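Chemist: Following this message is one structure expressed as structure tokens.
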Amino acid sequence: MFLAKALLSGGSGSGHGGSLAHGVGGLLTGGGLGSNLGGLVGGLVNLISEAAAQYNPEPPPPPHNRFTNVEAYESEEIRQFRRLFVQLAGDDMEVCATELRDILNKVVSKHQDLKTDGFSLDTCRSMVAVMDNDTNGKLGFEEFKYLWNNIKKWQCVYKQYDTDQSGTVGRAQLPGALKAAGFPLNEQLCQVIIRRYADEHSSMDFNNFISCLVRLDSMFRTFKSLDRDGEGRIKVTIEDWLELTMYS
């Protein structure tokens, strides 16, 4: 998402970062294969910026707290999650990817209509990475609650678009499912997502569907936070670009 701006503007740096930015920028702006790569990446950046302009994410999770003031308006479901979270989180009141998987799969196992074996550890690592505001490799309760509220919303979309009740969303239904989840993407971006998250039949199971949406949500929220003037363009250094993309 940030690739064209980050790399093509990063060449003015000094030292290793500047050399890396200049070298990769040369690939994107040079002839032959580099030119084709630059055109592809530039096109995807434009497509994503257009989609990001239409995306309205949920409010971000508030800063970490130590559960000293439990909100009176919390639903019984959230209270149950809080109790489960406290049991698994330990003294630091945060969960790692393995603990997140255990929490989510305890709940998902009760929803037989989803026809899923639950979330993989790799998916939960990705969830932690994109939701981890302080990059300590763990999620606090508020971050977890934000994630769970999205999963609840998206599981309804998943069940709606699993029209044949096979336990997957088919190729024909995926664009509509993504739009219903809040991501109105065009055909080209849908194809990119299918190649990354769908199986050999271009169908997406629940684990990959949620993993895809968590990543989209994070990418769009990050883009909007950096696009302060709302022009659909951002500028980042090569160091920022690597931090944003490598830990996700």
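Chemist: Can you say whether S109 is among the small types (G, A, S) and within 22 Å of Q165 (Cβ to Cβ), as far as the supplied structure shows?
Modeler: Yes: the conditions hold for S109.
Chemist: Please go through the range 77-101 and pick out each residue that is acidic (D, E), at pLDDT below 80 and not in a loop (DSSP other than H, G, I, E, B).
Modeler: Once the filter is applied, which keeps residues that are acidic (D, E), at pLDDT below 80 and not in a loop (DSSP other than H, G, I, E, B), the range 77-101 yields only E77.
Chemist: What residue, among those in the range 186-216 that are in contact (Cβ under 8 Å) with a residue 24 or more places away in the chain and assigned to a loop (DSSP other than H, G, I, E, B), is most open to solvent (accessible area, probe 1.4 Å)?
Modeler: Here the residue is H201.
Chemist: In the range 112-135, how many are loosely packed, with under 13 Cβ neighbours inside 10 Å and farther than 11 Å from L100 by Cβ?
Modeler: 5
Chemist: Is there a residue being farther than 18 Å from D217 by Cα, more than 13 Å from the chain's Cα centre (by Cα) and buried (at least 21 other Cβ atoms within 10 Å of the Cβ) anywhere in the range 141-153?
Modeler: First, pick out the residues of the range 141-153 that are farther than 18 Å from D217 by Cα: 141.
Now drop any that are not more than 13 Å from the chain's Cα centre (by Cα), which leaves 141.
Then keep just the ones that are buried (at least 21 other Cβ atoms within 10 Å of the Cβ); that gives 141.
Looking through the range 141-153, at least one residue is farther than 18 Å from D217 by Cα, more than 13 Å from the chain's Cα centre (by Cα) and buried (at least 21 other Cβ atoms within 10 Å of the Cβ).
Chemist: Take R125 and decide whether it is within 28 Å of Q191 (Cβ to Cβ), in contact (Cβ under 8 Å) with a residue 24 or more places away in the chain and in a helix (DSSP H, G or I).
Modeler: yes
Chemist: Another one. Identify the residue in the range 217-248 that is outside any helix (DSSP H, G or I) and under 26 Å from G118 (Cβ atoms) and, among all such residues, is least open to solvent (accessible area, probe 1.4 Å).
Modeler: In this case the residue turns out to be S248.
Chemist: Looking at the range 152-180, I want the residues that are assigned to a loop (DSSP other than H, G, I, E, B) and have a partner that is open to solvent by less than 50 Å² (accessible area, probe 1.4 Å) with Cβ atoms under 6 Å, at least 6 apart or on another chain. Which pairs are those?
Modeler: D162/V169; G170/S203; R171/S202
Chemist: Working only within the range 72-85, note down all residues that are within 19 Å of V108 (Cα to Cα) and hydrophobic (A, V, I, L, M, F, W, C).
Modeler: At the first step, the residues of the range 72-85 found to be within 19 Å of V108 (Cα to Cα) are 75-85.
Of everything in the range 72-85, those that are within 19 Å of V108 (Cα to Cα) and hydrophobic (A, V, I, L, M, F, W, C) turn out to be I78, F81, L84, F85.
Chemist: Restricting to the range 154-171, count the residues that are touching a strand residue (DSSP E or B) at 6+ places or on another chain (Cβ under 6 Å) and open to solvent by 20 Å² or more (accessible area, probe 1.4 Å).
Modeler: 2
Chemist: Scan the range 84-103 and give yes if some residue there is in contact with an Asp or Glu (Cβ under 6 Å, 6 or more places away or on another chain), without any contact (Cβ under 8 Å) to a residue 60 or more places away in the chain and surrounded by fewer than 18 Cβ atoms within 10 Å (Cβ to Cβ), otherwise no.
Modeler: Within the range 84-103, one or more residues are in contact with an Asp or Glu (Cβ under 6 Å, 6 or more places away or on another chain), without any contact (Cβ under 8 Å) to a residue 60 or more places away in the chain and surrounded by fewer than 18 Cβ atoms within 10 Å (Cβ to Cβ).
The values are calculated or read from the model by the stated rules, or taken from the named source; none is laboratory data. Here the structure is a predicted model, which is why all the values come from computation and not from measurement. Neighbour counts are summed over all protein chains in view; Cβ atoms, including those assigned to glycine, are modelled from backbone coordinates with ideal geometry. Keep in mind that these areas ignore ligands, DNA and RNA; they rest on the heavy atoms of the full protein, side chains included. Shrake-Rupley method; radii C 1.70, N 1.55, O 1.52, S 1.80 Å.
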